[in-house]
Structure formats: C-alpha cells, structure tokens
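Reviewing the structure listed below.
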Amino acid sequence: MHNDFAGLAPRIVARRRPDAQDKDHSDAALIAKIAAGNRLAMQVLIARHHARVYRFILRLLGSEAVAEDLTSEVFLGVWRQAHRFEARSSVTTWLLAIARYKALAELRRRPRASSNEASAESIDPTDDPEANFEIKHWGEILRNCLTRLSPRHREIIDVV
C-alpha cells in the first residue's frame with residue numbers, strides 16, 4: 001500500500017508549484033509590485049487589462065480618441081496610487097471603477113464644452129430636435145441599456 005501512495009506524491013507536489021507561481025503573478029501581487037515601483041509589473045497589468053478598460057470607456061463615451069486618452073489616465077492613476085489599493089474588491093473592479101469615474105467626469109465636461117462652442121458659433125443646440133431628444137432622455141436611454149446587460153455585467157456595474 002505504501003508503494004501506491006509513492007506514485008501520487010510527485011503529482012501533488014507538481015500541482016502545488018504552479019499555484020505558488022500564480023499567486024506571484026496575480027493582479028493583487030502586481031499591484032503590490034507596482035506600489036514598490038516595479039515597471040515590469042505595470043507593463044504586465046496594462047497588457048492584461050488595457051483592452052477591457054478601453055472597451056468599457058468606449059462604450060460609455062463612444063469616442064475612440066477619448067477612450068484611449070482616458071485609458072492611459074486610468075493606468076497612470078494606478079501607477080501613482082497603487083499603494084492605496086486595499087483589496088476590498090478585485091483589481092479588475094478597481095480599474096473599472098477608476099475608468100467609470102474618469103468617463104463620468106468627461107461626460108460632465110462635455111455639455112459645458114458643447115455649449116461654449118455653440119455660443120461661440122451662435123448656434124442653438126435646441127434647433128436640432130434629435131440632439132434635444134438625446135439630451136432630455138439620456139438618463140432613460142442609459143437605464144434601458146443597463147437593463148439589457150447580462151446579470152453578471154449588471155452586478156459589476158452595481159459594484160462600481
């Protein structure tokens with residue numbers, strides 16, 4: 001019977017080693033390394049999450065250029081504030097919360113920028129019925145879109 005267990009021991013040890021390595025490469029471990037100034041860890045985090053953060057912002061704002069700029073700002077913020085990550089949520093949730101905050105700040109800036117441009121050009125935005133409709137019903141449209149999300153995605157939005 002002792003011989004039967006002898007064959008299992010190497011497999012168990014072999015299975016434990018990758019788990020230990022996975023912990024070293026987890027998102028939380030990367031954030032800790034980033035807080036210590038590790039640039040390679042930052043590059044790995046960006047490689048893992050850039051597309052997700054970019055697509056999230058793009059869906060909120062609809063502008064590829066602005067989404068790319070804000071995605072860069074998100075990761076710059078992570079580089080500067082990694083020491084503040086408290087692991088009360090996953091790193092992905094934390095990144096998307098930062099992205100959401102930046103996207104909403106951009107949306108708040110947009111109406112002012114649009115009205116400043118419109119007044120400079122002496123164009124009344126209410127002359128365009130379609131634009132006027134979108135402005136008035138933006139909240140309703142957003143709520144409608146959120147209800148179409150899968151339960152998992154709605155849960156992420158609620159957490160954020």
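The values are calculated or read from the model by the stated rules, or taken from the named source; none is laboratory data. Since this is a predicted model, take the numbers as computed values, not measurements. We place every Cβ from the backbone using ideal geometry, glycine too, and count neighbours over all the protein chains shown.
For the range 57-91, the set of residues classified as of a type in the set (F, W, Y) and either outside the structural domain of M42 (by TED's automatic domain parsing) or touching a Ser or Thr at 6+ places or on another chain (Cβ under 8 Å) (or both) is empty. Taking the range 79-92 as the search range and keeping residues that are surrounded by 12 or more Cβ atoms within 10 Å (Cβ to Cβ) and aliphatic (A, V, I, L, M), which one is modelled with the highest pLDDT? The residue in question is V91.
Selection of first residues in the range 68-83 that are in contact (Cβ under 8 Å) with a residue 40 or more places away in the chain and of second residues that are assigned to a helix (DSSP H, G or I) and surrounded by fewer than 14 Cβ atoms within 10 Å (Cβ to Cβ), restricted to Cβ pairs under 9 Å at least 6 apart or on distinct chains, gives the following pairs, ordered by first then second residue: W79/R39.
Of L70, L95, L76, all but one fail to be at pLDDT 85 or above, within 28 Å of M42 (Cα to Cα) and exposed (fewer than 14 other Cβ atoms within 10 Å of the Cβ); the exception is L76.
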